[in-house]
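Worksheet: one structure, shown below.
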Amino acid sequence: MAQGSGRGPLVADKRYAKSGAKRPAKRPGAKSAGGFWGLFSSKPKPRPKPKPKPRTKTSAAKRAKPSGRSGARKPRGVIGTLLAPFRWLLRLIWGFTWRVGMICITLVALAVGYQTLKLPEVATLLDGRARGSVTMLDHEGEVFAWRGDQFGGVVTADTVSPHLKNAIVATEDKRFYRHFGISPRGVASAVRINLSEGRGPLSGHGGSTITQQTAKLLCLGRVYDPTEWENEAAYEKDCRQGSLWRKGTEAIYALAMEAKYTKDEILSIYMNRAYMGGGAYGAEAAAQRYFGKSANQLSAAEGAMLAGLLTAPSSMAPTNNLKRSQDRAATVLRLMQEQGYLSTAETKAGQHNPAQLSAAAEARAGGYFADWVMDSVPSYFGTSTTEDVVIRTTMDQRLQRAAEEALTYVFENKVREGSKAQAAIVVMSADGAVRAMVGGRRTRVSGVFNRATQAKRQTGSAFKPFVYATALELGYSPLDLVLDAPYCLDVPGSGEWCPKNYTRKYYGEVTLTRALRDSLNIPAVKMSEAVGRDLVRRVASDFGIDNAMAEGPALALGASESTLLEMTGAYAGILNGGSSVTPYGVSELRLVTDNEPLMGRSGGMGERVIRPQAAQQLVWMMEKVIAEGTGRRAQIPGWQAAGKSGTTQAARDAWFIGFTADYVAGVWMGYDDNTPLSGVTGGGLPAEIWHEAMVRVHEGLPPKPLPMVAPEPIAPPVQPTPTRRERRRPGNELGRAVDGLLRDLFGTN
């Protein structure tokens, strides 16, 4: 057949091709030996030896073996020459990079191994607070307030509510159980989000795993040392710095934790050390703080709310803004559903029935009362405690609510809208045990100015009972007379001083009882001058008014300053029969780990100041103030009550303090900047606040009589019967009048 017939190569052709040998050259005009007819040739024809081809550089290059790892041949020509330096540079960079990479990996492995050896056992890492906690109980033993760094106890990933565990993983690190401590995907996502929001790649979202966050909570193993850091705030700031170097060391520490601990152990450390707002450190403390239950009893809605706090514990705390916390919890529930932890029905149920605060949590950490208690205990058991402390207090939560409701009611219904006036209330027992305290119109706050204990204001006429207490102790009777008429005194250094009554009127001879009932100024000054200012100051001081008192005659009119707590305690001394009182709020203080108390009652009744009879007569006089005098607005239907109003110069302060047989209560009203009150006296709005508070305080209690004694009537002096001769003596009437005046002035022997 012809060569161009299109048949495939013969076997001999394949053999030559495979062996690489050259086929014999054809003779001119001869058919191919490999053709069809060649198979029938009778004898083979001799083959001429092929001539060797000259060796060239090109053929040598073709036979050369491929160079380099890639197996690529060397580039040819000009392009190859131009690319050669770049190929050399790339090979140099690659060689350098993988060698440096190997060195870095080795160093990281060594660092991780070193950190792994240094890591302690899990149990030692669960409570990392620098400060202890203070738990406050009311007088019945119920928790009503927390202070310090609260730690409710250890929880683990196995013992905590599954809803809380799942909520934390779903919110903070959904790939927690699949990564090795660092999530490159999470970091890349965080960088993308930061750049899209106009921030730097490492600013804002960090893409940290739960393991990395736990490493940060542990401050990479560094323990707080007062000699190294100025305070705890500086320590925490240092632990939370976000430099590139810190990120690197944090990653190494996280890898070491993954090598040392199980995933559940890491999660347990995180749940115990994370701050969850409201002074609560750890899941158990937060569960008790907000819901009044253990962390193993949390519902899906409650677990979602706690998990939602981790991003911003202070601002998201439900005690700061419950609605915002509930909205965040709804988002967490949705994430839990998307990741398969909750069904659609469970998610909707949690969103439609959000978690609610417990009654104790709604008290916002005890408000003014708890602040006062913390100030009254030694700092090493209070604000600076390193131990967990339990304080049993005198607080009565029912009375506290009564005082708060009374203040709110009066300001909402009887004070003009927009008024900046403030008020404070103190309720206590006769022995000085404080049962309720409101330090301002914002009743549920903490860490703010407490007008009940910190504001020193002039007392006005509320001071007058101590003038009359001094007089009664010296033997005066409530029925003794004093002349209410124009009266002036020469005050050294100030000149003449002429006190006037509030009404600008004079009432002639009045009893001491009426002078107190109608709050007359001139009789009070006269009695103070008659018994001696020094004695009045001493009696007031012994009753508990522990402030520098006025030196001049204005002492009797309340020119001295005092706090509402001191004044209420002084009135308690009148109620209890004349003994001094130190107001107190602490009944017992002990450590959580101890059964025996370290401190007992911090106050109570002290030494006697005036005789019981004098105290009971003074109570009788003060009862007339509410029944018939300036305090009529304070009357409590069905109850005997005694008290005294007080209004200072220009009405800058208005007071009403009084008591029943069961409780003493004091009310102050005024402006923080001493602006005069408009149309307010102590017998007005303060008396109404007192009335509203005491009506609520005594709700459900049986009425009791006041411990008072009415004075014996004073019989008119017996006049001797004149003799017939004396009756006839001219001018005798004048002599008898002079004798009577002298007896009134100097008495009779």
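The values are calculated or read from the model by the stated rules, or taken from the named source; none is laboratory data. As the structure is a computational prediction, the values presented were derived from the model and not from experiment. Counting neighbours? That spans all protein chains shown, and the Cβs are built from the backbone with ideal geometry, glycine included. Surface accessibility is based on the protein's heavy atoms, side chains included, excluding ligands, DNA and RNA. Shrake-Rupley method; radii C 1.70, N 1.55, O 1.52, S 1.80 Å.
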Checklist entry - Using 1/(1 + (r/R0)^6) with R0 = 35 angstrom and r between the beta carbons of ASP673 and GLU496, what's the FRET efficiency to the nearest 0.05? => result 0.65
Checklist entry - What order do you get for 524-534, 391-401 when each peptide is scored by the mean count of other beta carbon atoms within 10 Å, highest first? => result 391-401, 524-534
Checklist outcome for this item: Using alpha carbon centers only, region 117-180 is separated from region 642-701 by a whole-angstrom value of 46
Checklist outcome for this item: For the pair VAL445 and ALA345, the simple spin-label estimate (label points 7 Å beyond Cα toward Cβ) gives in nm 4.8
Checklist entry - If we sort 440-447, 572-579, 539-546 on the protection proxy, mean other Cβ atoms within 10 Å, highest first, what's the order? => result 572-579, 539-546, 440-447
Checklist entry - DSSP loop GluC sites (Glu not before Pro) in region 361-428 with at most 11 other Cβ atoms within 10 Å of their Cβ, which ones? => result GLU417
Checklist outcome for this item: So for region 267-334, using the alpha carbon gyration tensor with a ≥ b ≥ c as root eigenvalues (a/c under 1.5 gives rounded; past that, a/b versus b/c decides prolate or oblate), I'd call it rounded
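Compute the Cα gyration tensor for region 417-520, then decide on rounded, prolate or oblate, letting a ≥ b ≥ c be the square roots of its eigenvalues: rounded whenever a/c is under 1.5, prolate when a/b is larger than b/c in the other cases, and oblate in all that remain.
Verdict is prolate for region 417-520.
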Checklist outcome for this item: In region 271-407 the accessible area split gives carbon plus sulfur, as whole percent at 1.4 Å, a share of 45
Checklist outcome for this item: To the nearest 0.05, the calculated FRET efficiency linking PHE96 and ASN353 through their beta-carbon distance, R0 being 56 Å, is 0.35
Checklist entry - Residue separation times 0.36 nm, minus the C-alpha to C-alpha distance between LYS237 and ARG175: what's the value? => result 19.5 nm
Checklist entry - Quick one: length gained pulling GLU588 to GLU529 fully straight, 0.36 nm per residue minus the C-alpha distance? => result 16.8 nm
Item to check | Gyration tensor (alpha-carbon) shape descriptor, region 251-371, a/c threshold 1.5 | outcome: oblate
Checklist outcome for this item: Ranked output for segments 669-676, 477-484, 645-652 by mean other Cβ atoms within 10 Å, highest leading, reads 645-652, 477-484, 669-676
Checklist entry - For the modelled label position 7 Å from the Cα of ALA312 along Cα-to-Cβ, which residues of region 259-286 have backbone nitrogen atoms closer than 19 Å? => result 275-280
Checklist outcome for this item: For region 568-709, using Cα atoms only, the Rg and Dmax in Å read 17.5, 56
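Taking the Cα centre of region 328-433 as origin, work out the dipole magnitude from +1 charges on Lys and Arg Cβ and -1 charges on Asp and Glu Cβ, in debye rounded to 20.
Working: 10 positive and 13 negative charges, 83 e Å.
Roughly 400 debye for region 328-433.
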Checklist entry - Measuring from centroid to centroid over Cα atoms, what is the spacing of region 448-498 and region 293-338 in Å? => result 57
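About the Cα centre of region 208-362, what is the dipole size in debye to 20, counting +1 per Lys and Arg Cβ and -1 per Asp and Glu Cβ, all else neutral?
With Lys and Arg at +1 and Asp and Glu at -1, about 360 debye.
Where the only charges are on Cβ atoms (+1 Lys, Arg; -1 Asp, Glu), what is the dipole of region 376-523 about its Cα centre, to the nearest 20 debye?
That gives a dipole near 660 debye.
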